[in-house]
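Taking it in order: structure first as structure tokens, then the write-up.
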Amino acid sequence: MDVQKTPQTTPNEREGSLKTLIIGSGPAGYTAAIYAARADMQPLLISGREPGGQLMLTSDVENWPGEADGIMGPDLMEKLKKQALRFGTEFVSDFVTEVDFSERPFTVKTEDKEYKTETLIIATGASAMWLNIPGEKEFQGKGVSACATCDGFFFRDKKVVVVGGGDSALEEATFITKFASEVVLLVRKGEGEMRASKIMQKRAMEHSKITIMYHTEAKELLGGDVLESVKIVNNQTGEESELKTDGFFVAIGHKPNTSLFKGVLELDDKGYIKHAPNSTETNVEGVFACGDVIDPHYRQAITAAGLGCMAALEAERFLSAQE
Ligand code: NDP
């Protein structure tokens, strides 16, 4: 195997600008780092405030190819980090505060330093939106989740509640019926007012395991060691009640982490970074974006990793073309 280790230097010891700098330490960022490091691009990866990204909040990951027995989310991220470091990726625990793409090398400022880089790979991910109600944080991983594809399996023959009225919520509710015995969907709007597509609504309404409660909002999550019930309120009558449940899935949308790039890169109307078709190229030459920050559809660790690989290959080709 042509394993070539790049020199281990600290960013301060490096002369001139970096060949590539990666922002973000989820599956996309680490995969980009593995490919870039093996291509002798000596990448520097800035981890951000939530090193490891969304998988750090997940327990068992059972759909990562190659991990036949499943793997805990944090363990998977540790392995990816180790693999990226093995080939010489420089890992910096810091947070990017400002970018300047007006000329190359680009400038990337963090809370501590300023870097110059010939190419930039953005892998800042997306964050699930939460309700911010009491108990939501406390029961994360103990019944509360924002990802049915990741955690639905653990609710076999159990009762779960899903919150939201968009395509995500209906897709998650329908997905969990494969495992759960009963799914209650809480929608804050009335019947016929849901944002989800008609076909998704029809599928959910006709499903024998799904009950939809309209004009209903979750107020508080209750339990002991694990989640046991949710306090709900009818937002028209004000009537409160308690619903027993084993699981609580929040599916009210995701927010791409792109505030840093507003006015600097082209973003779509939901804030995702615009990119060329079948490519990770952004509207600024030499700046590539990968993972959930460009993907509102699949949002899987493996698709993010695939996009990370694409970004590194494209950055490498861009640099070769420059030379
Ligand atoms: P959306 O923004 O479409 O929907 C969010 C839903 O969450 C709305 O029903 C909204 O209610 C509700 N909501 C937001 N905040 C709260 C809150 N605090 N309390 C209760 N409910 C709340 O997000 P999605 O993630 O569902 O979809 C994002 C995009 O991805 C859409 O374009 C969707 O079509 C697409 N998508 C497509 C899929 C597919 O094609 N298979 C699958 C999943 C997503 P309200 O309407 O009252 O604001």
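Suppose the filter is within 25 Å of the chain's Cα centre (by Cα) and farther than 18 Å from Trp130 by Cβ; does Lys198 pass it?
In short, no.
Quick one: how many residues across segment 99-117 are among the basic types (Lys, Arg) and surrounded by 23 or more Cβ atoms within 10 Å (Cβ to Cβ)?
Qualifying residue count, segment 99-117: 0.
For Gly66, are the conditions met, namely being on the phi > 0 side of the Ramachandran plot and open to solvent by less than 50 Å² (accessible area, probe 1.4 Å)?
No.
Is there a residue being outside the structural domain of Leu313 (by TED's automatic domain parsing), buried (at least 19 other Cβ atoms within 10 Å of the Cβ) and more than 16 Å from the ligand (Cβ to nearest atom) anywhere in segment 118-126?
no
Among the listed residues Glu242, Glu217, Glu171, identify the single one that is within 11 Å of the ligand (Cβ to nearest atom), modelled with pLDDT of 95 or more and not aliphatic (A, V, I, L, M).
Only one candidate passes the filter, namely Glu217.
Taking Leu85 as the residue in question, decide whether it is without any contact (Cβ under 8 Å) to a residue 12 or more places away in the chain, away from the ligand (no atom under 16 Å from the Cβ) and on the phi < 0 side of the Ramachandran plot.
It is true that Leu85 is without any contact (Cβ under 8 Å) to a residue 12 or more places away in the chain, away from the ligand (no atom under 16 Å from the Cβ) and on the phi < 0 side of the Ramachandran plot.
Surrounded by 20 or more Cβ atoms within 10 Å (Cβ to Cβ) and modelled with pLDDT of 95 or more: does that describe Val230?
Yes: the conditions hold for Val230.
Of the numbered conditions (1) at pLDDT below 95; (2) surrounded by fewer than 16 Cβ atoms within 10 Å (Cβ to Cβ); (3) more than 30 Å from Thr20 (Cβ to Cβ), Pro134 satisfies every one except a single condition; which is it?
Single failed check for Pro134: (1).
Select, from Lys262, Lys270, Lys274, the only residue that is exposed (fewer than 14 other Cβ atoms within 10 Å of the Cβ), at pLDDT below 95 and of a type outside the set (Asp, Glu).
One residue alone meets the criteria, Lys270.
Tally time: how many residues in segment 291-323 are within 15 Å of the ligand (Cβ to nearest atom), modelled with pLDDT under 95 and surrounded by fewer than 18 Cβ atoms within 10 Å (Cβ to Cβ)?
4
Which of the following residues is under 19 Å from Gly165 (Cβ atoms), assigned by TED's automatic domain parsing to the domain that holds Glu172 and away from the ligand (no atom under 12 Å from the Cβ): Lys202, Lys189, Lys231?
Exactly one of Lys202, Lys189, Lys231 is under 19 Å from Gly165 (Cβ atoms), assigned by TED's automatic domain parsing to the domain that holds Glu172 and away from the ligand (no atom under 12 Å from the Cβ), namely Lys202.
The rows are residues; the columns are (1) in contact (Cβ under 8 Å) with a residue 60 or more places away in the chain; (2) within 26 Å of Thr97 (Cα to Cα); (3) within 11 Å of the ligand (Cβ to nearest atom).
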{"position": "Ser197", "(1), (2), (3)": "no, no, yes"}
{"position": "Lys209", "(1), (2), (3)": "no, no, no"}
{"position": "Val226", "(1), (2), (3)": "yes, no, no"}
{"position": "Asn235", "(1), (2), (3)": "no, no, yes"}
{"position": "Gly247", "(1), (2), (3)": "yes, no, no"}
{"position": "Thr258", "(1), (2), (3)": "yes, yes, no"}
{"position": "Asp268", "(1), (2), (3)": "no, yes, yes"}
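State yes or no: is Gly253 at positive phi and open to solvent by less than 70 Å² (accessible area, probe 1.4 Å)?
Yes; evaluated as a whole, the condition is true for this residue.
Away from the ligand (no atom under 15 Å from the Cβ), over 21 Å from Val233 (Cβ atoms), within 26 Å of the chain's Cα centre (by Cα) and open to solvent by less than 60 Å² (accessible area, probe 1.4 Å): does that describe Phe139?
So Phe139 fails the test.
The values are calculated or read from the model by the stated rules, or taken from the named source; none is laboratory data. Since this is a predicted model, take the numbers as computed values, not measurements. When we count neighbours, we look across all protein chains shown, and the Cβ atoms used for this are built from the backbone with ideal geometry, even at glycine. These accessible areas exclude ligands, DNA and RNA; they are computed on the full protein's heavy atoms, side chains included. Shrake-Rupley method; radii C 1.70, N 1.55, O 1.52, S 1.80 Å.
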